[in-house]
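Single-structure report; data block below.
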Amino acid sequence: MNFRTHVKSYKNKKRVDNPKDDWLIFENTHEPIITQQEFDLMQELRKNKRRPTKHEEVNQFSGICYCADCGKKLYLCRATTMTADQEHLKCGTYAKDKNCCTIHFIRTFVLKEIILGELNKIVSFVKENEDKFVQVAMDNSAQKQSSELAKSRKKLKEYEKRTADLNRLFTRLSLILPNRSQPM
Ligand SMILES: [Zn+2]
């Protein structure tokens, strides 16, 4: 099942707005093989961003990679006819309309290597500078906490000022109102 195609209804198998190489042809599907209820449920499940692919596993890059140019999610291209090395990601905008962005093609194994390389750098930095790392992490956390505290203090000051203003207003009103209510 190719989840990246759109069908209007479970009876209408026409697939729209998809590149031809992503089409899947189903034979002998003249009769509805699922009920409308099942179709609706499937649509609901499809809304889940990290959905299993036909390889029956969630790809680790599915739904979390974005095109740096247009901001659209990168689209995972997999097929049973592909080797693992051929799996790749490309810009979702480009996949729909080749005039709207560039392909931003990257093989998933290349991306995996890049990420592993970056993780290794972080891990070795942490190992070599454990004390410093702990200090930086603690400072960040302390900084965050103190900025939250500063925000709360500012809010409290605002409330105190507002309360004082209201009190002054009430005092003035209580001075004015009795005079007004006095009988002529
Ligand atoms: Zn793009």
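The values are calculated or read from the model by the stated rules, or taken from the named source; none is laboratory data. Note that the structure is predicted; figures quoted are calculated from it, not measured. Backbone-built Cβ (ideal geometry, glycine too); neighbour counts: all protein chains shown. When the accessible area is computed, the model is the full protein with side chains, heavy atoms only, and any ligands, DNA or RNA have been set aside. Shrake-Rupley method; radii C 1.70, N 1.55, O 1.52, S 1.80 Å.
Observations, loosely collected:
- For segment 72-139, carbon and sulfur atoms together expose 60% of the accessible surface, with a 1.4 angstrom probe and every protein chain in place.
- Modelled label reach - D69, point 7 Å along Cα→Cβ, segment 78-96 residues with backbone N closer than 16 Å: 89-96
- Euclidean distance of C-alpha centroids, segment 85-103 and segment 132-149, integer Å: 40
- Cut-off 17 Å, label 7 Å out along Cα→Cβ of T171, residues of segment 116-160 by amide N: 160
- Shape class for segment 105-161, computed from the alpha carbon gyration tensor (a ≥ b ≥ c): oblate, with a/c not under 1.5 and a/b at or below b/c.
- Shape category assigned to segment 54-152 from the gyration tensor of Cα positions, a/c cut at 1.5: prolate
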